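Reading through the structure tokens given below for one structure.
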Amino acid sequence: MKNTKSKTFRWPKGRRAAVSLSWDDARPSAVEVGVPILDRYGIKGTFYVLPRNMTRQLKAWRAAAARGHELGNHSLNHPCMGNFIGWQTPETMLENYTLRRMEKELLKASRVINATVGVRPTSFAYPCAQTYVGRGTSLRSYIPVVAKHFEVGRSGFSETYASPERCDLAQLPSIDSDNKTFEELRETLDAAVSKGCWLILTGHEVGDGRVKQTTSAKALKQLCAYFNEHPEIWVDTITTVGRHIGATVRHLPVPARFR
Amino acid sequence: MRVPASNTFRWPNGRRAAVSLTWDDARPSQVDVGIPILDRFGFKGTFYLLPRNMKRQVAKWRAAAARGHEIGNHTLRHPCTGNFIGWQTPGTMLENYTLARMERELLEANRILGAAVGVRPTSFAYCCGQNFVGRGRRLRSYVPLIAKHFVVGQAGYSETYASPERCDLAQVPSIKFDNKTFEELRLTLDAAVTDGCWLILFGHEVGSARGRQTTSAGALRKLCENLKSRPEIWVDTVSAVGRHIGAAVRHPPARTRLR
């Protein structure tokens with residue numbers, strides 16, 4: 001079946017695809033190693049900062065934001081499923097959350113970021129790519145809360161990139177940049193570009209790509225150099241690309257035959 | 001912080017951990033290659049069948065069910081996010097689903113599988129590991145539907161295994177089986193045993209490890225040999241292990257201060 005909208009959507013300025021580079025948690029190496037690489041190539045990244053990590057390097061993050069990098073919300077306490085037994089506690093695990101507490105804490109994290117860096121986050125990244133609170137028959141998705149308070153929500157560990165015509169801006173797919181070579185990243189990038197899609201990469205640290213949860217600094221440099229030579233690829237922050245899609249694509253109510 | 005329940009939960013018959021081996025979609029190589037390997041070692045697997053694929057090998061699936069392998073539900077049409085543009089259509093993408101349609105189709109798949117193989121499924125595997133219908137502010141999780149109709153719901157692409165005390169049986173995590181060596185699987189297995197947890201592996205085809213979405217037949221054989229030599233590990237179907245946890249663990253409502 002053809003997606004009728006694919007004929008109408010256009011990337012701005014004749015570009016063929018979009019890419020956003022993002023990192024989670026406000027790890028020290030993201031601002032110390034990652035941001036300088038992006039700056040050298042004139043590329044803006046998106047950083048989903050945890051308030052408690054960000055406040056340790058406030059000056060560096062403030063300077064990054066002033067140069068145009070996006071600072072997004074990554075929750076207050078990084079709540080994930082309780083199955084992470086060595087890490088999540090009864091207080092932080094999503095099974096013990098309510099929608100009300102989640103909303104309160106998302107707004108508080110945004111307030112802290114705004115008060116310390118001077119930018120109010122417009123995008124959010126789900127910790128551990130998990131999108132629920134509670135359990136079983138009383139489990140609820142908190143994606144509607146993210147849709148209410150942010151322009152864009154970014155998910156993770158996805159098997160594919162975002163289709164501009166079909167994606168839900170409240171839960172965009174993203175693919176890991178950690179522990180990958182430039183060649184591996186390039187393969188995913190080429191597929192996304194050939195389909196006219198939006199590739200969002202997610203990482204944590206930036207440095208030695210053999211270390212757990214680390215985007216290879218070398219691969220990142222090669223990727224940035226590649227972008228500089230390929231103006232047909234729009235590289236920008238998640239909110240900027242998301243805003244363009246949000247202003248262009250309208251989603252009609254679900255047809256009655258699908259209900 | 002300690003998990004108070006970890007002192008009270010015990011695996012049956014003095015076992016230290018549990019393992020379930022699962023495959024999705026009813027791919028032909030599962031009955032042709034995978035099940036004969038499991039049978040040789042006397043292990044029961046869990047197979048989440050798509051009705052349209054199952055119908056091509058009904059006799060073999062019925063025989064597998066009769067030998068004790070579990071037949072689970074994997075929906076009627078394998079709906080996933082519309083971002084899979086080359087594969088999902090407006091008629092199958094989750095963004096166009098409603099909870100009512102999802103419930104109807106889950107029950108229809110149960111009826112078809114029950115009639116064809118003689119067992120009504122009690123477990124379910126989320127397609128693409130995704131558990132939502134709709135988009136944005138109107139998006140809803142369908143985990144509560146699974147909690148209502150099944151003993152166990154299995155999520156995928158997880159970063160960790162299930163803690164018996166903390167897991168939500170309506171969305172237990174599972175880890176990729178496909179394209180891994182025995183040594184890689186062994187690392188995950190040993191970590192799960194150390195933590196006293198329930199490791200669920202999920203795969204698609206069974207055969208040459210270089211094939212896409214394929215559990216290596218060689219790695220599966222070595223894993224079965226390893227499990228056979230370690231009687232402290234309980235190897236059983238997802239529903240059998242899930243039932244034991246469901247009967248042993250109670251989840252009181254979250255405390256007021258966490259709401």
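The values are calculated or read from the model by the stated rules, or taken from the named source; none is laboratory data. What you see is a predicted model, and the numbers here were worked out from it, not measured in a lab. Cβ atoms come from the backbone with ideal geometry, glycine included; neighbour counts cover every protein chain shown.
Listed values, structure above:
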| quantity | calculated |
| --- | --- |
| Top-ranked residue in segment A:92-128 [being free of Cβ contacts under 8 Å to residues at least 40 places away in the same chain and touching a Lys or Arg at 6+ places or on another chain (Cβ under 8 Å); ranked as nearest to residue A:60 (Cα to Cα)] | A:114 |
| Residue match in segment B:98-119 (condition: more than 7 Å from every other protein chain (Cβ to nearest Cβ), buried (at least 19 other Cβ atoms within 10 Å of the Cβ) and not in a helix (DSSP H, G or I)) | no |
| Selection status of residue A:83, over 23 Å from residue A:226 (Cβ atoms), free of Cβ contacts under 8 Å to residues at least 40 places away in the same chain and in contact with a Pro (Cβ under 7 Å, 6 or more places away or on another chain) | yes |
| Residue in segment B:146-156 that is modelled with pLDDT under 95, part of a loop (DSSP other than H, G, I, E, B) and under 18 Å from the mean Cα position of the chain (by Cα) present | yes |
| Cβ pairs under 6 Å, 6+ apart, first in segment A:134-153 and more than 8 Å from chain B (Cβ to nearest Cβ) and over 15 Å from residue B:171 (Cβ atoms), second charged (D, E, K, R) and part of a helix (DSSP H, G or I) | A:145/A:103 |
| Residues satisfying the stated conditions in segment B:179-203, i.e. crowded, with 20+ Cβ neighbours inside 10 Å and under 16 Å from residue B:34 (Cβ atoms) | B:180, B:185, B:200, B:201, B:202, B:203 |
| Residue in segment B:122-138 that is nearest to residue B:69 (Cα to Cα), counting only those that are more than 11 Å from the chain's Cα centre (by Cα) and part of a strand (DSSP E or B) | B:132 |
| So residue B:258, is it within 11 Å of another protein chain (Cβ to nearest Cβ), surrounded by fewer than 16 Cβ atoms within 10 Å (Cβ to Cβ) and free of Cβ contacts under 8 Å to residues at least 24 places away in the same chain | yes |
| Filtered residue count, segment B:131-169, keeping only those that are at the interface with chain A (Cβ under 9 Å from one of its Cβ atoms), more than 18 Å from residue B:80 (Cα to Cα) and in contact with a Lys or Arg (Cβ under 7 Å, 6 or more places away or on another chain) | 2 |
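Conditions (1) within 26 Å of residue B:147 (Cα to Cα); (2) out of contact with any strand residue (DSSP E or B) (no Cβ under 8 Å at 6 or more places or on another chain), marked per residue:
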site: A:91; (1), (2): yes, yes
site: A:108; (1), (2): no, yes
site: A:115; (1), (2): no, yes
site: A:119; (1), (2): no, no
site: A:124; (1), (2): no, no
site: A:135; (1), (2): yes, yes
site: A:143; (1), (2): yes, no
site: A:156; (1), (2): yes, no
